[in-house]
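What follows is a set of notes on a single structure, which appears directly below.
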Amino acid sequence: MILGITLLVFLVLQAAPGDQASSALGEGASEEAKQQYRQENGLNDPLVVQYFAFLAKLLQFDLGVTTPPAKSVASMIGSAFPLTLQLTFLGVIIAVVLSLVFGILGALYRDKWPDQLVRVFSIAAIATPSFWLGILLIQWFALGSSPLFPSGGIATPESGFGGWLNSMALPALALGIPVSASLIRVVRTSMVEELDRDYVRTAIGNGVPYREVVSRNVLRNALVTPVTVLGLRVGYLLGGAVVIEMIFALPGMGQLILNGITNLDVNLVQGVVLTISVTFVLVNIVVDLLYLLINPRIRTV
């Protein structure tokens, strides 16, 4: 899958409009200088040769350099990617907490008024784009005479954990709430299916407390499907984090990819997209391993 990602990213960026030589040297550069740049960087080689040269560099963790002023793409990603991971991690926590609380509540009180409220919230959250929610959160909590949170930027290291969390709260909410909506529906459906199984009625009939049956058996069995959906949603979270970072002026991967697209910096765009894509693949591998912890019966399959 990772090999397919590298091929897809390479071909898409090769087909993008514009000239790398002109972007690197400027529109005023002579045709001879542009031709020399293409020759030195292998841009005149066949696509197959360019792709394998690209792979050879990737195996050495060499993502190239940016267009002048030349900077290492790997070092730039190394500085920006941790912030994107932090934002994605907080978004995952918010999505998981909301989905578990509201999903379990809706299943335990199905077709009653708490369940109806959960359905209204999930439908409203699904219909809310994260970038629009981010703008609303800024208007509600970051503007006015007594703002509760900053409207953008990241706290300095001197601010400590509290300052960091304060600056990341609104972006994480804008990222996590829309994702939680689909997870709420999945958790509720999985819980309802498990509550209707025979082993639940048998356990309750044998005197096992209902709360214990739900916490020890039903919830654990019902989490397999939501965990699968969460693994797939991580891709949305990573992609959404790029957009949210632009709204809240966070110096993460969003700023890098915007600069790369604006300047037609193929190396920078390739590096950012590949980093996010490979992270998504690795997260789904971790999700597959989590199945063994959630449901030990899978180990015997």
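Among the residues examined, residue 215 does not qualify as at negative phi, touching a Ser or Thr at 6+ places or on another chain (Cβ under 9 Å) and either of a type outside the set (Val, Ile, Thr) or crowded, with 21+ Cβ neighbours inside 10 Å (or both). In summary, residue 149 fulfils each of the numbered conditions (1) surrounded by 11 or more Cβ atoms within 10 Å (Cβ to Cβ); (2) part of a helix (DSSP H, G or I) with the single exception of condition (2). Mind listing just one residue for me: the one in region 116-146 that is touching a residue at least 24 places away in the same chain (Cβ under 8 Å) and assigned to a loop (DSSP other than H, G, I, E, B) and, of those, least open to solvent (accessible area, probe 1.4 Å)? Only one residue fits best here, namely 142. Where helices (runs of 4 or more DSSP H) fall entirely within region 1-113, those with at least 1 residues that are of a type in the set (Ser, Thr, Tyr) and more than 26 Å from residue 253 (Cα to Cα) are at 31-40, 73-108.
Exactly one residue among 244, 285, 261 is in a helix (DSSP H, G or I), modelled with pLDDT of 80 or more, β-branched (Val, Ile, Thr) and under 21 Å from residue 176 (Cβ atoms), and that residue is 244.
Scanning region 1-17 for residues that are over 20 Å from residue 279 (Cα atoms), of a type outside the set (A, V, I, L, M) and in contact (Cβ under 8 Å) with a residue 12 or more places away in the chain gives a single hit, 14. Of the residues contained in region 167-175, none is found to be open to solvent by less than 30 Å² (accessible area, probe 1.4 Å), under 24 Å from the mean Cα position of the chain (by Cα), at pLDDT 90 or above and under 27 Å from residue 209 (Cβ atoms).
The values are calculated or read from the model by the stated rules, or taken from the named source; none is laboratory data. What you see is a predicted model; the values in this text were computed from it and never measured. All Cβ positions, even for glycine, are placed from backbone atoms using ideal geometry, and neighbour counts span all protein chains on display. All accessible areas refer to the heavy atoms of the entire protein, side chains included, with ligands and DNA or RNA removed. Shrake-Rupley method; radii C 1.70, N 1.55, O 1.52, S 1.80 Å.
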